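Chemist: The structure is given below, and queries will be raised subsequently.
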Amino acid sequence: GVIVDVDGNSLIDLGSGIAVTTVGNAHPLVVERVQRQVAELTHTCFMVTPYAGYVEVCEALNRLTPGDHAKKSALFNSGAEAVENAVKIARAYTKRQAVVVFDHGYHGRTNLTMALTAKNMPYKQSFGPFAPEVYRMPMSYPFRDGPHGGAEVAAWATTKMEKEIGGANIAAIIIEPIQGEGGFIVPAPGFLPSLKAYAAQHGIVFVADEIQTGFCRTGEWFACEHEGVIPDMITTAKGIAGGMPLAAVTGRAEIMDAVHAGGLGGTYGGNPVACAAALGSIEAMETEDLNARALAVGAIMRERLEALAAAHPSVGNIRGRGAMMAIELIKPGTMDPDPDLAGRVAKAAHAQGVVTLTCGTYGNVLRFLPPLSIPDDLLREGLDIVAAGFDA
Ligand code: PMP
């Protein structure tokens, strides 16, 4: 929970390196497995010489992801790479090309994932042309949608899909169950289930991008479980391996098997040391019940953030699930975003020893996603320092 800089300053970490160190940095179960693995072998390339750790991570993913259908997993190096492969697999399975994504969505910085990502600056500006056959649909954003419910906003999106693309041409619908970079946007209840129902009706692969929300961050293994949605495919990264680079695609076996042999891969995907770290992280999450811990961390954050909102009309909205909480800042009395205030508060907090992150399409969201290893008192201290930043 504490980062010490080169000058010896201690900083309370409320960002986990962008949702990565969920089990904390240097968790003993991760360190022990990584050290053992690194002393034994560091690389063979799984496509050349398979090893057990890769298979064990895939088995854990198949067991922990929602749904009791037959599943298969493939491992990659980064979140963006996992999303790209999810698109490749969905296209191979459906023999269709169109991919649907959502306003405010973020899926990475490679060429295809830039096309999937909504926000121009800083992610896309100057970097085009972008991949074709990507369609962006309205997202449920309760703070800004007014009274419209999840099913209603989903109907806008599915009508648009039907009219502008045609359900029979859509390979995949890709959505973050809670949008991360887009502003910790929790869609209204009913939005995700309605999209899933539309996908099922039209043979579209429903992909949950759980790269930021997955692995105990929200108080469930995966955020789509809060609404009982079972994705056909799920992308994971970040929290999966306690800081080592690892990502995965897990999907229905018949979908994953649609790709020809040799169609997916990469030199380093599922590196043995990264797999060892993942097995240690998953063991820590299970033995320490980090889903329960995420809910407890979330309750502390919500209480503190509600007090902050009561004192500061610039806090327009508090939202999130579990240990993934955010506040959206506005000019008081309006809905106008205040990114300048978000930046100033984050800077003030940093100067006083707290690492926070900003996000959001309008840059006006402060997000809090501490490592789940953070002690309660340190978390409260960190949030008090953020509150002091507002007072200042
Ligand atoms: N999808 C989501 C939902 C993400 O939050 C991120 C990273 N912020 C990515 C994809 C891309 O992951 P990476 O940075 O590991 O490529």
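Quick note: the coordinates plus some simple rules give every number you see, no bench work behind them. Note that this is a predicted model, so its numbers are computed, not measured. Neighbour counts are summed over all protein chains in view; Cβ atoms, including those assigned to glycine, are modelled from backbone coordinates with ideal geometry.
Chemist: Long-range amide H contacts for residue 131: which residues qualify at under 5 Å (H placed 1.01 Å from N, peptide plane, sequence gap of 5 or more or a different chain)?
Modeler: It is 115, by chain and number.
Chemist: Still on this structure, please answer the following. Select from segment 78-147 those chymotrypsin sites (Phe, Trp or Tyr not before Pro) which occupy a DSSP coil region and have at most 16 other Cβ atoms within 10 Å, ordered by residue number.
Modeler: Loop-located and lightly packed - 123, 127, 130.
Chemist: To the nearest 0.05, how large is the calculated FRET efficiency for residue 352 and residue 292 if R₀ is 30 Å and r is the Cβ-Cβ distance?
Modeler: In this case the efficiency is close to 0.50.
Chemist: Further question on the same structure: Give the shape of segment 65-182 as rounded, prolate or oblate, defined through the alpha-carbon gyration tensor: a ≥ b ≥ c are the square roots of its eigenvalues, a/c under 1.5 means rounded, and otherwise the shape is prolate if a/b is larger than b/c and oblate if not.
Modeler: In terms of gyration-tensor shape, rounded.
Chemist: Could I ask something else about it? What number, in nm² with one decimal, is the all-direction average of the projected area of the convex hull of the alpha-carbon atoms of the chain?
Modeler: 19.2 nm²
Chemist: Oh, and also: Give the calculated FRET efficiency between residue 36 and residue 88 to the nearest 0.05, with a Förster radius of 30 Å applied to their Cβ-Cβ distance.
Modeler: 0.35
Chemist: Please compute the contact order of segment 180-318 in relative form: average sequence separation of alpha-carbon pairs under 8 Å and at least six residues apart, divided by the residue count, as a percent.
Modeler: With pairs under 8 Å counted, the relative contact order is 20 percent.
Chemist: Here is a follow-up. Could you point to the residue in 256, 274, 335 farthest towards the positive end of segment 245-392's charge dipole, with +1 and -1 charges on the Cβ of Lys/Arg and Asp/Glu respectively?
Modeler: Sorting the options by dipole projection puts first 335.
Chemist: Now, a different point. Taking amide H positions as placed in the peptide plane 1.01 Å from N, state which residues far from residue 136 in sequence (5 or more) or on other chains have amide H under 5 Å from it.
Modeler: 101
Chemist: When the dipole is taken about the Cα centre of the chain, and only Lys, Arg (+1) and Asp, Glu (-1) are charged at their Cβ, what size is it in debye, to the nearest 20?
Modeler: In debye, rounded to 20, the chain gives about 980.
Chemist: Which of the lysines could be linked to residue 160 by a straight reach, that is with a Cα gap under 17 Å, when you skip same-chain ones fewer than 8 residues away?
Modeler: Of all the lysines, those that pass the test against residue 160 - Cα under 17 Å, at least 8 places apart if same chain - are 196.
Chemist: Taking 41 Å as R0, compute the FRET efficiency from the Cβ-Cβ separation of residue 303 and residue 257 and round it to 0.05.
Modeler: It comes to 0.30.
Chemist: Same structure, new question: Let a ≥ b ≥ c be the square roots of the eigenvalues of the Cα gyration tensor of segment 234-331; is it rounded (a/c under 1.5), or, if not, prolate (a/b larger than b/c) or oblate?
Modeler: prolate
Chemist: Only Lys, Arg, Asp and Glu count, each charged at its Cβ (+1, +1, -1, -1), so figure out the dipole size of segment 1-86 about its Cα centre, rounded to 20 debye.
Modeler: Dipole magnitude for segment 1-86 comes out near 340 debye.
Chemist: Oh, and also: Gap in Å between the Cα centre of segment 88-127 and the Cα centre of segment 343-380?
Modeler: That distance is 28 Å.
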